[in-house]
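The values are calculated or read from the model by the stated rules, or taken from the named source; none is laboratory data. No experiment lies behind these values; they were computed from the predicted model shown. Glycine gets a Cβ as well: all are built from the backbone with ideal geometry, and neighbour counts include every protein chain shown.
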Amino acid sequence: MTRLKQNIPADEYRTPFYVGVDIGGTSIKIGIVDDLGRSVADARIPTQAQVSPEPVVGEIRLAIERLVAAKHLQMSDVVAVGVGAPGPIDIPAGRLGTPFNLPGWHHFPICDRLFDALEKPIAFANDANAAAFGEYWVGSGRDYNSIVLFTLGTGIGAGIIVNGGSIDGENSLGSECGHMIIDSQKDARICSCGLRGHLEAYTSATSVIHRVNEALQSGKSSSVIDRVAAGEPLSTFMLFEEAERGDPLSLDIILQTAYYLSIGIVNVLYAVDPGAVFLGGAMDFGGRAATTGKRFLETLRAEVERRVFPTIAQNLNLDFAALGGAAGYIGAAGIARKSTLASANGDSS
């Protein structure tokens with residue numbers, strides 16, 4: 001069922017409007033965004049990742065029409081639509097590749113189908129790059145020329161924005177920082193992609209849970225044991241809660257994650273030299289509002305600072321991102337806006 005959310009009031013809208021569609025493995029976030037990057041309204045629909053996406057295109061269209069009607073707008077008020085999808089994708093062809101969390105959607109020509117359904121120009125981006133663009137446009141990165149966003153969740157996503165442009169790469173695989181190698185040993189941890197030693201294999205929520213289980217199996221004590229024994233599924237949120245309550249193992253695993261993540265961030269800093277690096281996604285260990293989130297960020301900053309040139313350390317802003325779950329659809333809408341303005345100005349790049 002579509003969930004409507006009220007955002008800025010009608011008398012504050014700045015036309016024209018754009019729609020962002022953020023495709024995830026479980027749900028699709030859809031939002032109307034005004035010309036200043038402010039969310040007008042949003043909705044969420046199920047992805048149905050295991051089945052054909054053809055019916056879901058109709059659900060996306062219906063959700064957009066409902067959002068437009070709920071805000072007393074017309075479909076003609078929407079200039080363009082941006083879509084963010086998990087990689088691998090083929091941006092020039094406007095189609096998905098073989099994303100592991102969308103098994104029923106492999107090679108689906110999402111842009112053509114949405115264009116047919118909506119009769120609007122469609123812009124396409126990797127979902128993490130779209131989120132990074134959202135932060136760059138109106139979020140934490142709005143005061144910087146270049147930023148990197150890491151999204152911490154089941155996997156590790158990343159987006160790199162330099163001078164307003166997303167680093168998409170020759171094969172639409174640019175900014176896949178979750179798959180950089182941080183451990184070259186033969187027994188390095190195996191990533192979700194099947195290869196060893198990738199950042200994701202050490203810092204994703206999946207990896208965190210693996211490391212907790214390994215610690216428990218080795219005989220380490222932890223307050224999570226009783227909760228798991230009572231039937232609760234082990235999760236990074238449980239780990240955060242127990243770290244807040246003083247469980248040493250939970251905190252150790254979280255800070256160890258900061259250590260591993262710092263290696264990936266340092267590699268990106270030397271490759272791109274951005275003005276800021278932000279952390280988004282669901283696994284924020286409470287963020288700035290929690291003691292554990294603050295410890296995680298402090299540890300990460302300290303580990304990064306001791307590995308980079310002083311000039312980089314002194315000028316880098318490393319912090320949590322601002323837009324939360326809205327970053328993906330706001331960024332996708334922003335990419336559609338950027339493409340529309342470029343076309344209007346005769347810029348074909």
Condition met for Lys294 (farther than 30 Å from Arg227 by Cβ and over 19 Å from the mean Cα position of the chain (by Cα)): no
For the condition without any contact (Cβ under 8 Å) to a residue 60 or more places away in the chain and either touching a strand residue (DSSP E or B) at 6+ places or on another chain (Cβ under 6 Å) or among the hydroxyl-bearing types (Ser, Thr, Tyr) (or both), what is the one hit in Pro109, Pro103, Pro121, Pro55? Pro109
Between a residue in segment 34-45 that is farther than 15 Å from Gly139 by Cα and any residue that is assigned to a loop (DSSP other than H, G, I, E, B) and among the charged types (D, E, K, R), which pairs come within a Cβ distance under 8 Å, given they are 6 or more apart or on different chains? Val40/Asp34; Val40/Lys71; Ala41/Lys71; Ala43/Arg3; Arg44/Arg3
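Could you please find all residues in segment 171-194 being under 27 Å from Ala93 (Cα atoms) and among the aliphatic types (A, V, I, L, M)?
Residues of segment 171-194 under 27 Å from Ala93 (Cα atoms): 171-180, 192-194.
The answer is Leu173, Met180.
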Odd one out for Ser172, checked against (1) closer than 30 Å to Ala342 by Cα; (2) surrounded by fewer than 16 Cβ atoms within 10 Å (Cβ to Cβ); (3) among the polar types (S, T, N, Q): (2)
Per the filter on segment 204-230, residues over 16 Å from Ala258 (Cβ atoms), under 24 Å from the mean Cα position of the chain (by Cα) and surrounded by 16 or more Cβ atoms within 10 Å (Cβ to Cβ) are Thr206, Ile209
Of everything in segment 114-150 that's of a type in the set (Val, Ile, Thr) and surrounded by 24 or more Cβ atoms within 10 Å (Cβ to Cβ), which residue is nearest to the chain's Cα centre (by Cα)? Val148
Please identify the pairs in which a residue from segment 285-298 that is touching a residue at least 40 places away in the same chain (Cβ under 8 Å) has its Cβ atom under 6 Å from the Cβ atom of a residue that is among the hydrophobic types (A, V, I, L, M, F, W, C) and in a helix (DSSP H, G or I), counting only partners at least 6 apart or on another chain. Phe285/Phe240; Phe285/Ile254; Phe285/Phe296; Gly286/Phe240; Thr292/Phe240; Thr292/Ala243; Phe296/Ile254; Phe296/Ala258
Of the conditions (1) free of Cβ contacts under 8 Å to residues at least 24 places away in the same chain; (2) under 30 Å from Pro9 (Cα atoms); (3) under 21 Å from the mean Cα position of the chain (by Cα), Ser76 clears all except one; give me its number. (3)
Is it true that some residue in segment 164-181 is in contact with a Leu (Cβ under 9 Å, 6 or more places away or on another chain), more than 30 Å from Arg227 (Cβ to Cβ) and among the aliphatic types (A, V, I, L, M)? yes
The condition of being within 17 Å of Ala333 (Cα to Cα) and out of contact with any helix residue (DSSP H, G or I) (no Cβ under 8 Å at 6 or more places or on another chain) holds, among Asn126, Asn145, Asn171, Asn163, only for Asn126
So in segment 103-120, with the set limited to residues that are of a type outside the set (A, V, I, L, M) and outside any loop (DSSP other than H, G, I, E, B), which one is farthest from Cys193 (Cα to Cα)? Asp116
Residue list for segment 120-136, restricted to those being under 12 Å from Ser175 (Cα atoms) and acidic (Asp, Glu): Asp127
Where residues in segment 14-35 are among the small types (Gly, Ala, Ser) and crowded, with 24+ Cβ neighbours inside 10 Å, which of them is farthest from Ala63 (Cα to Cα)? Gly20
Per the list (1) touching a Gly at 6+ places or on another chain (Cβ under 8 Å); (2) under 24 Å from Ile167 (Cα atoms), residue check on Val40 breaks on (2)
Return the pairs, sorted by first residue and then second, in which the second residue is modelled with pLDDT of 95 or more and surrounded by fewer than 16 Cβ atoms within 10 Å (Cβ to Cβ), the first residue lies in segment 222-234 and is closer than 16 Å to His210 by Cα and polar (S, T, N, Q), the beta carbons are less than 8 Å apart, and the residues are 6+ apart or on different chains. Ser222/Pro248
Only one of (1) buried (at least 16 other Cβ atoms within 10 Å of the Cβ); (2) in contact (Cβ under 8 Å) with a residue 24 or more places away in the chain; (3) among the charged types (D, E, K, R) does not apply to Glu242, and that is (2)
So which of Ala123, Ala132 is closer than 22 Å to Gly97 by Cα, in a helix (DSSP H, G or I) and modelled with pLDDT of 95 or more? Ala132
